[in-house]
Amino acid sequence: MTTDILQALPKSPGVWAQAWSRLKTDRVGMVSLYVTLFFIVLVLLAQLGLVASNWQKEVGTPFAPPHFVGKITDGSQTAVVDTIAGPNVDISDVDPLAPRYQEWQQRAAQFKTTTTEKSDTLPFGGDQLGRDVLSKVIKGAQVSITVGLAAALFATLIGTILGAIGGYFGGRVGDLLEWVYNVFTAIPYILLVFALAAVLKSGPLAGTLGSGVWTVVIILSLVGWTGIYRLVRAEYMKHRSREYVRAAEAIGASHASRMFTHILPNISHVVLVQLSLHVVGFIKAEVILSFLGLGVPIDMVSWGTMLSEAQTELVLGKWWQLVAATTFMAAFVTAFALLTDALRDALDPKLR
């Protein structure tokens, strides 16, 4: 009887259900969510080879402009054979190569029919080899977003777990983790990145981690967890002696339950802010590493490699690859940052 009465009582929604309800009322947050999901779906489709699988194919002429710019003609191509002699004019006495013109013209026509016709314009333009910039920027999104999200998630996971353990238990465990934290922060950031890159890309572990993308993810994760650890540790030190944690202890909740079921949801806004900052920072770091030759392999494309190529193209007045890469990167980074702000507001206990 008592069980039936308890089941009939209305249940209060959980923390995550309340957060989702508040998020749905935030228009900016929902638009940012849709934009972020669009990019993630685009990355998955590219990973499966359903889109941008032929990004290396030279489908256009070198530096083919976008469709809205139109074909660029400089008047350099002329029909030499047609203008030298008409069909009824014999100029063999003047030009000894005249009998060969017709043969060359026939060979050129045969070659033209056996080769693929390249487009003079492309939707977002072409690069110096005639590759479609739209396909490149989608394939680059796959690499850059994968690196940014994966590295940020791993760094956040490492920093959150270590920070929770150090802040909750304290004592010798906290001192040991503080020592590890001090070792990582004592080494300059760029030197630590170069050292890890040398070990993972050319050291004894080279070739055991799969593609170069995951090497970059591991490098950024190992150097990016320290800031999250410090903040999470301070939050756990503040929350471990509060009333709701003591109440959970009184009803027999385990240490893991108190750490990750009770305390973590109340500090999740701090973790989400750090996650957002690290995604943005790691995408920028991938750009720098790829520019220095420590990022993705040369047979792959990312937003970083596209921006590196665009530097020389911009001098020639070919701006479309730079615009495509920066537009896609700015759209994703802005949407992800706004989504994280909305999630922080929805999860912040002070705003409930």
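Residues in region 320-334 that are crowded, with 18+ Cβ neighbours inside 10 Å and either of a type in the set (Ser, Thr, Tyr) or not assigned by TED's automatic domain parsing to the domain that holds Leu275 (or both): there are none. In this structure, Leu307 does satisfy being in contact with a helix residue (DSSP H, G or I) (Cβ under 7 Å, 6 or more places away or on another chain), assigned by TED's automatic domain parsing to the domain that holds Val232 and farther than 26 Å from Ala19 by Cβ. The residue list Val301, Val296 contains one member that is touching a Ser or Thr at 6+ places or on another chain (Cβ under 7 Å), in a loop (DSSP other than H, G, I, E, B) and more than 27 Å from Ala19 (Cα to Cα), which is Val296. When the criteria are applied in full, Val301 fails the requirement of being out of contact with any His (no Cβ under 8 Å at 6 or more places or on another chain), surrounded by fewer than 17 Cβ atoms within 10 Å (Cβ to Cβ) and within 30 Å of Thr121 (Cα to Cα). Once region 242-275 is narrowed to residues that are modelled with pLDDT under 85 and crowded, with 20+ Cβ neighbours inside 10 Å, the residue that is nearest to Trp225 (Cα to Cα) is Leu272. Taking every residue in region 150-174 that is surrounded by 18 or more Cβ atoms within 10 Å (Cβ to Cβ) and pairing it with any residue that is outside any helix (DSSP H, G or I) and at pLDDT below 90, at least 6 positions away or on another chain, the pairs with Cβ-Cβ distances below 8 Å are Gly167/Arg240; Tyr168/Arg240. Restricting attention to region 304-319, the residues that are crowded, with 23+ Cβ neighbours inside 10 Å and among the aliphatic types (A, V, I, L, M) total 1.
Taken over region 328-347, residues that are under 21 Å from Phe124 (Cα atoms) and either more than 13 Å from the chain's Cα centre (by Cα) or not β-branched (Val, Ile, Thr) (or both) amount to 5. Residues in region 240-271 that are assigned to a helix (DSSP H, G or I), touching a residue at least 40 places away in the same chain (Cβ under 8 Å) and closer than 11 Å to Tyr168 by Cβ: His255, Arg258, Met259, Phe260, Ile263, Leu264.
Among residues of region 335-350 that are in the same structural domain as Val28 (by TED's automatic domain parsing) and modelled with pLDDT under 80, those with a beta-carbon under 6 Å from a residue that is surrounded by fewer than 23 Cβ atoms within 10 Å (Cβ to Cβ) and hydroxyl-bearing (Ser, Thr, Tyr) at least six positions away or on a different chain give the pairs Leu347/Ser268.
The values are calculated or read from the model by the stated rules, or taken from the named source; none is laboratory data. Not measured: the values here are computed from a predicted model. With ideal geometry, Cβ positions are generated from the backbone for all residues, glycine too; neighbour counts draw on all protein chains shown.
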